[in-house]
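What follows is one structure encoded as structure tokens, with my remarks underneath.
Every number in this text was worked out from the coordinates using simple rules, so none of it is lab data. Predicted model only: the values in this text are computed from it and were never measured. We place every Cβ from the backbone using ideal geometry, glycine too, and count neighbours over all the protein chains shown.
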Ligand SMILES: [Zn+2]
């Protein structure tokens, strides 16, 4: 675990795996070097899909390609031998778990590319709604959104990231030919409903925020009109249900002029 490797040993207590994709760790807080330290438990839940060779994304985009470049072949300088591994990667800027930048769906000159989006957009509070009842291919209505919000016991606050669990990854694996096409999503009114409540970014597990075809085009157009956007390709959202608010973090790569970017999406519970 990288976090362990980078955290000074004296600040760590034993960590344990809480659930798939979740990492528990203890952070120490103190007012001075000599002050007694107060430990608080923090849990980081990984919401990202694996990026691996041939991983599929939306059929409009090419698949993820990752092939060996260096394979620990020996390199010699003087009396020293060095063996290194590295990979060549070719991908769409809509690979894996990713954010759509406004430039993706808004042809207006000046629509933000991913490197121009404020980093604050990717470090927000978040909630997750349970919409797992939605049939594959179904459009989720405003009434269903309101029922899910009420069941969550939460409210949508200005600037929240709202993640929408549709149990999609549990029903279709990326190996299934239907995976790129047959998913539930939002009807146009439900996209407006999120924007009306101050949600700036919402997130789904599928490759699109709305069912394939016209509804998906409309959902993207509404994002452009309302100045909001969405994350596609999330995973492990079921780990967030019934747990209230969390810190959402998912920074994009600094792709100059990019129309989107893979993100490492996580939810953090203190
Ligand atoms: Zn996208």
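Ranked by the mean number of other Cβ atoms within 10 Å of their residues, highest first, the peptides 201-210, 254-263, 106-115 fall in the order 201-210, 254-263, 106-115. Here the relative contact order of the stretch 129-270, from alpha carbon pairs under 8 Å that lie six or more residues apart, stands at 24 percent. The translational diffusion coefficient of the chain, from Stokes-Einstein at 10 °C and 1.306 mPa s with a Kirkwood hydrodynamic radius over alpha carbon pairs, comes to 79 µm²/s.
Would you give the gap between the C-alpha center of the stretch 78-117 and the C-alpha center of the stretch 159-189, rounded to a whole Å? The stretch 78-117 and the stretch 159-189 have Cα centres separated by 23 Å.
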